[in-house]
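The values are calculated or read from the model by the stated rules, or taken from the named source; none is laboratory data. Here the structure is a predicted model, which is why all the values come from computation and not from measurement. Here Cβ is always computed from backbone atoms with ideal geometry, including for glycine, and neighbour counts include all displayed protein chains. Areas reflect the complete protein model, heavy atoms only, side chains present, ligands, DNA and RNA absent. Shrake-Rupley method; radii C 1.70, N 1.55, O 1.52, S 1.80 Å.
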Amino acid sequence: MKGLFSLLSFSALFLSAAAHTTVWYVAINGVQQAKHVGIRKPDNAPGVNYNNSPVKDLKSNDIACNRGGSREVPKWIDANAGDDLTFIWYLNQGDDIMPSSHKGPVMAFLTPEINNINGANVWTKIWEDGLVNGVFGTERLMRNQGKQTVKIPAGLKPGKYLFRADMAALHEADVLYSRNSARGTQFYPNCIQINIVNGGNVEAPKQVSFPGTYHDGMPGLLYNIWSPYLSNYPVPAPGGPVWKP
Ligand SMILES: [Cu+2]
């Protein structure tokens with residue numbers, strides 16, 4: 001009995017500590033890069049599992065690029081303006097994409113300000129997938145084997161950029177994190193180092209800040225996905241409008 005109890009306790013601990021998601025791979029025009037390459041993540045030393053935990057404190061600098069995300073990683077992935085950029089999400093590699101409870105919108109942003117990720121209005125939203133016909137972006141991501149594909153804006157000026165993949169998992173979003181730190185919307189920011197080799201003269205308009213853009217009063221942060229009476233999510237996705245170059 002004691003052994004069984006320990007096993008059950010351990011399982012519960014494991015699930016609560018690890019039942020999340022993170023970006024493991026990047027693909028350019030469908031060509032998958034090696035594992036972890038170009039992805040700014042904490043706890044990514046060899047042999048250490050990636051940290052797949054969410055960021056819930058909207059006032060933390062970690063809301064930009066996750067814990068440790070201001071640290072550059074060795075490789076910048078070459079791509080061209082107009083290319084397809086795919087973020088491949090897993091809970092653990094080869095495992096589920098994420099728990100099915102994690103319903104919510106999925107987003108992507110970029111910034112050329114690679115050394116100023118917490119600066120004022122340095123980020124621009126380029127893609128979002130919210131609630132469409134009663135199905136959330138995270139659900140489509142799971143059906144699509146964890147692949148989130150966005151287009152690198154046509155004509156984007158060459159140079160180094162951080163692309164920020166994120167999602168808002170709403171399974172505990174009926175309460176604000178600032179009211180109850182055990183609950184709240186779970187954000188999953190992941191910053192990817194991309195070097196645009198061929199492009200044009202288009203500069204991204206600088207629109208939003210992390211921290212700043214996500215805040216307690218914004219529509220779509222406090223939301224109950226479990227109520228049968230709520231069918232409309234109040235915004236396409238957090239983080240303002242999508243830039244259409
Ligand atoms: Cu989770």
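A single member of G220, G212, G200 is crowded, with 21+ Cβ neighbours inside 10 Å and in a loop (DSSP other than H, G, I, E, B), and it is G220. Taken over segment 142-152, the criterion of being on the phi < 0 side of the Ramachandran plot and open to solvent by less than 10 Å² (accessible area, probe 1.4 Å) is satisfied by Q148, V150, I152. Of the numbered criteria (1) under 22 Å from V23 (Cβ atoms); (2) touching an Asp or Glu at 6+ places or on another chain (Cβ under 6 Å), the one L176 fails is (1). Restricting attention to segment 121-141, the residues that are modelled with pLDDT of 95 or more and either surrounded by fewer than 17 Cβ atoms within 10 Å (Cβ to Cβ) or touching an Asp or Glu at 6+ places or on another chain (Cβ under 7 Å) (or both) add up to 4.
Identify, by number, the condition in (1) open to solvent by less than 40 Å² (accessible area, probe 1.4 Å); (2) within 16 Å of the ligand (Cβ to nearest atom) that G155 doesn't meet. G155 satisfies every listed condition except (2). The set of residues in segment 158-173 being away from the ligand (no atom under 16 Å from the Cβ) and either assigned to a loop (DSSP other than H, G, I, E, B) or of a type in the set (A, V, I, L, M) (or both) consists of P158, L162. Looking only at residues in segment 91-111 that are touching a strand residue (DSSP E or B) at 6+ places or on another chain (Cβ under 8 Å) and open to solvent by 50 Å² or more (accessible area, probe 1.4 Å), the one that is modelled with the lowest pLDDT is Q93. If you filter segment 24-70 down to residues that are modelled with pLDDT of 95 or more, assigned to a loop (DSSP other than H, G, I, E, B) and in contact with a Leu (Cβ under 9 Å, 6 or more places away or on another chain), you find that the one that is least open to solvent (accessible area, probe 1.4 Å) is L58. A Cβ distance below 6 Å, combined with a sequence gap of six or more or placement on separate chains, defines the contacts here; from segment 131-151, residues that are polar (S, T, N, Q) reach residues that are assigned to a helix (DSSP H, G or I) and open to solvent by less than 50 Å² (accessible area, probe 1.4 Å) in the pairs Q148/L141.
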